[in-house]
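Taking it in order: structure first as structure tokens, then the write-up.
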Amino acid sequence: MAVLTGAGVSAESGIPTFRDSNGLWRQFRAEQLATPEAFANDPELVWEWYDWRRELIAAAQPNAGHLALAEMERRVPHFTLITQNVDDLHERAGSRNVIHLHGSIFVQRCLRCSRETSGPRPPKCACGGMLRPGVVWFGEALPPGLWEAAEQAVRASDLLLVIGTSGIVYPAAGLARLGKRVVEINAAATALSDDMDETLEGPSGEILPRLIA
Ligand code: OAD
């Protein structure tokens with residue numbers, strides 16, 4: 001079994017999504033914050049935004065949806081959770097086999113030596129290089145090997161749950177079309193809904209616990 005999650009799964013933990021009415025891309029311009037060009041233009045501004053989100057995420061708690069997915073993993077022999085989220089709420093809920101397609105907000109990567117570290121951000125890398133957030137920005141490739149692992153997990157699974165994603169950011173959204181049987185769980189209809197085998201409409205923090213009850 002495989003699961004693809006997006007920002008909606010963390011919404012009930014108080015983490016804003018990107019494209020809902022109160023989403024981050026309604027408040028901020030993505031091209032000023034989440035592109036390599038934005039970082040080259042104003043690294044301090046970009047870091048300020050990521051530091052703010054790091055704090056918000058660190059203070060949040062996994063919700064009933066995250067916990068239900070961790071419980072599913074304990075019950076199902078082959079289970080892969082693929083997430084577009086850069087938060088760590090799946091892991092904190094107990095999920096183990098997690099692929100972070102878009103990286104982690106708690107990682108920083110050196111622009112000079114490419115070394116990645118996690119935890120509090122030092123002013124510079126040990127090599128003296130400048131640090132950037134360890135996330136995937138618009139226009140960037142996914143971290144090497146992750147797409148292949150995600151695709152393989154989806155193709156090998158009888159069931160794919162697609163949870164809390166608008167399904168418009170590729171390549172991640174393309175995974176939804178590779179599943180043998182695909183069930184969407186979302187608070188609203190999405191770009192993917194028409195192609196789903198089944199759609200369950202409602203908050204994932206309410207629907208997922210019901211699936212394991
Ligand atoms: P979006 O903000 O595009 O979509 C969030 C989805 O969650 C919407 O379809 C909502 O209807 C749904 N939703 C909101 N609350 C929900 C709830 N309580 N239960 C279930 N569903 C709920 O977020 P993503 O699809 O994750 O990219 O966005 C994809 C990527 O775009 C992100 O990973 C990020 C962003 O730019 C990068 O960081 C590279």
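The values are calculated or read from the model by the stated rules, or taken from the named source; none is laboratory data. Keep in mind that this is a model prediction, so the values were computed, not measured. Reconstructed Cβ throughout: ideal geometry from the backbone, glycine too, with neighbour counts over all protein chains shown. Remember, those area values only see protein heavy atoms, side chains included, never the ligands or the DNA or RNA. Shrake-Rupley method; radii C 1.70, N 1.55, O 1.52, S 1.80 Å.
How many residues does region 57-76 contain that are open to solvent by less than 20 Å² (accessible area, probe 1.4 Å) and farther than 20 Å from residue 122 by Cα?
8
Considering each residue of region 194-212, count those that are without any contact (Cβ under 8 Å) to a residue 24 or more places away in the chain and either farther than 19 Å from residue 157 by Cβ or within 8 Å of the ligand (Cβ to nearest atom) (or both), and give that number.
Result for region 194-212: 4.
In region 60-94, how many residues are closer than 23 Å to residue 152 by Cα and polar (S, T, N, Q)?
4
Can you tell me which of (1) in contact (Cβ under 8 Å) with a residue 40 or more places away in the chain; (2) open to solvent by 10 Å² or more (accessible area, probe 1.4 Å); (3) assigned to a helix (DSSP H, G or I); (4) within 12 Å of the ligand (Cβ to nearest atom) is the one residue 54 doesn't meet?
(4)
When both residues are 6+ apart or on different chains and their Cβ atoms are under 8 Å apart, which pairs have a first residue that lies in region 87-100 and is touching a residue at least 40 places away in the same chain (Cβ under 8 Å), and a second that is assigned to a helix (DSSP H, G or I) and of a type in the set (Ser, Thr, Tyr)?
Listed pairs, sorted by first residue: 87/10; 89/10.
Counting residues that are at pLDDT 95 or above and open to solvent by less than 30 Å² (accessible area, probe 1.4 Å), which strands (runs of 3 or more DSSP E) fully inside region 105-212 reach at least 3?
Where strands (runs of 3 or more DSSP E) fall fully within region 105-212 and carry at least 3 residues being at pLDDT 95 or above and open to solvent by less than 30 Å² (accessible area, probe 1.4 Å), they are 131-135, 160-163, 182-186.
In region 13-40, what residues are surrounded by fewer than 18 Cβ atoms within 10 Å (Cβ to Cβ), in a helix (DSSP H, G or I) and of a type in the set (Phe, Trp, Tyr)? Lay out the reasoning, then the answer.
Of region 13-40, the ones surrounded by fewer than 18 Cβ atoms within 10 Å (Cβ to Cβ) are 14, 16, 19-23, 25-32, 35-37, 40.
This time we only want the ones that are in a helix (DSSP H, G or I), so: 25-27, 30-32, 36-37, 40.
Matches in region 13-40: 25 only.
Is it the case that residue 68 is more than 15 Å from the ligand (Cβ to nearest atom) and either at pLDDT below 95 or assigned to a helix (DSSP H, G or I) (or both)? Please lay out each step first, then the result.
On the way: more than 15 Å from the ligand (Cβ to nearest atom): no; either at pLDDT below 95 or assigned to a helix (DSSP H, G or I) (or both): yes.
When the stated conditions are applied, residue 68 does not pass them.
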